[in-house]
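In what follows, a structure is listed as structure tokens, so that the remarks can point back to it.
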Amino acid sequence: MPFQRIAFLVAGIVLSHAALGQACPEKNLLYWQAFPAGGESDISARHQQLVLKKRCPSIETIMQYTPGAGGSLMWSQMNGLPADGLNIVGVNLPHIVLQPMEGTVQYKTDDITPVFWFHYTPDALIVLESSPIKTFRDFVAAARAQPEKLSLGGSGLNSANHAAHERLNSTFGFKTTYIPFKGTGDMTTAVLGAHVSGAMSYTAFAINNKGKMRVLAVAMEKRHPLLPDAPTFRELGTDWVDGAYRGIGMPKSSTPEQKKRLSDLWTALNNDPEMRELAAKSGFELVNIGVERMDAFMREKTRVYTETGNRMGLGKK
């Protein structure tokens with residue numbers, strides 16, 4: 001190989017490693033979670049922790065948990081964290097739009113500063129594998145026969161699960177009871193113990209409990225490849241494609257440079273082949289919404305979820 005070619009390749013390798021080094025934080029990250037360990041938010045954060053350690057071996061990503069009130073306990077405190085570029089917080093849509101509309105949380109949507117949305121999880125209606133309810137048609141018949149008897153667990157109040165539950169009742173003309181839990185981990189225990197009739201959750205919840213639970217419907221354009229027996233709501237006659245977004249936020253006083261650095265780092269994590277594999281196995285649909293697209297994305301989602309909140313009666317005194 002010509003010397004010039006070797007020199008070019010070596011220079012490229014050095015530059016790529018330098019670029020990677022610049023993308024890595026100089027100190028450990030504190031990754032604050034708004035939901036308990038064991039749920040989808042925690043699982044996705046653990047995936048990121050694993051891939052980040054591979055890319056930035058000299059630092060640690062240290063998980064911190066402040067669960068409560070459907071995530072709002074953490075979100076009401078996040079602007080009190082040091083704006084040092086090292087404190088990041090897991091944030092969720094539509095939660096950060098719906099909760100302030102309800103009026104009892106200690107933050108407003110504009111108080112939250114997301115810097116990257118990394119994945120989307122479609123809504124899914126789920127029951128125990130041993131449930132006598134075998135199909136969505138069975139569920140509708142049971143719900144209409146005994147209004148409010150069927151109970152569906154979900155993660156948090158005024159959350160994506162809560163919104164999906166209200167949409168389910170309204171769309172199909174029955175009334176079931178929503179039971180909020182601190183997070184998916186707590187809800188899993190309740191569903192497996194048959195303390196609730198089922199769950200209005202996500203495809204990820206179903207995939208992580210495959211063999212123990214049955215999916216009656218998913219809010220996707222097409223059937224999920226890991227849940228081929230579960231029909232879409234479109235197949236069942238309604239145009240329902242929706243779910244929850246998960247991302248990271250930073251204290252509002254963080255600098256544009258700090259936000260861009262973390263946004264770029266999370267973009268690199270999402271594009272890592274190992275992350276793609278982990279996400280696919282868990283049922284997460286990766287998205288890359290960084291700081292460049294954030295303002296337009298948040299304007300649109302705030303508009304859409306404000307309409308959802310109005311349908312739920314939030315903000316009405």
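Overview of results
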{"read-out": "Using a Förster distance of 30 Å, the FRET efficiency for residue 307-residue 130 (Cβ separation, nearest 0.05)", "value": "0.20"}
{"read-out": "Pairwise label distance in nanometres, residue 222 with residue 300, each label 7 Å out on the Cα-Cβ vector", "value": "2.1"}
{"read-out": "Gain upon complete extension [residue 241, residue 285; 0.36 nm per residue less C-alpha separation]", "value": "14.5 nm"}
{"read-out": "With Cα atoms, 0 to 90° folded angle of helix 273-282 axis to the chain main axis", "value": "10"}
{"read-out": "The chain - mean residue ellipticity at 222 nm from DSSP helices (-39,500 (n - 2.57) per run, n ≥ 4, rounded to 500)", "value": "-13000 deg cm²/dmol"}
{"read-out": "Nearest 10 degrees, 0 to 90: helix 291-312 Cα axis against the chain principal axis", "value": "10"}
{"read-out": "Order by protection proxy (mean Cβ within 10 Å, highest first), peptides 56-62, 46-52", "value": "46-52, 56-62"}
{"read-out": "For the chain, accessible area per residue (1.4 Å probe, heavy atoms of protein chains only), Å²", "value": "46"}
{"read-out": "The stretch 113-256: relative contact order as a whole-number percent, Cα under 8 Å and 6+ apart", "value": "39"}
{"read-out": "For the chain: relative contact order, % (alpha-carbon pairs under 8 angstrom, 6 or more apart)", "value": "25"}
{"read-out": "Signed unit charges on C-beta, dipole axis of the stretch 49-182, positive-most listed residue 52, 159, 120", "value": "120"}
{"read-out": "Alpha-carbon centroid distance for the pair the stretch 26-64 / the stretch 229-270, whole angstrom", "value": "16"}
{"read-out": "Alpha carbon convex hull of the chain, projected area averaged over orientations, nm²", "value": "18.4"}
{"read-out": "Protein accessible area in the stretch 169-317, 1.4 Å probe - carbon and sulfur %", "value": "51"}
{"read-out": "Helix 160-172 axis, angle to the chain major axis (alpha carbon atoms, nearest 10°)", "value": "40"}
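The values are calculated or read from the model by the stated rules, or taken from the named source; none is laboratory data. What you are looking at is a predicted structure, and each value in this text was computed from that prediction instead of being measured. As a convention, Cβ positions derive from the backbone with ideal geometry for all residues, glycine included, and neighbour counts pool all protein chains shown. For accessibility, only protein heavy atoms count, side chains too; no ligands or nucleic acids. Shrake-Rupley method; radii C 1.70, N 1.55, O 1.52, S 1.80 Å.
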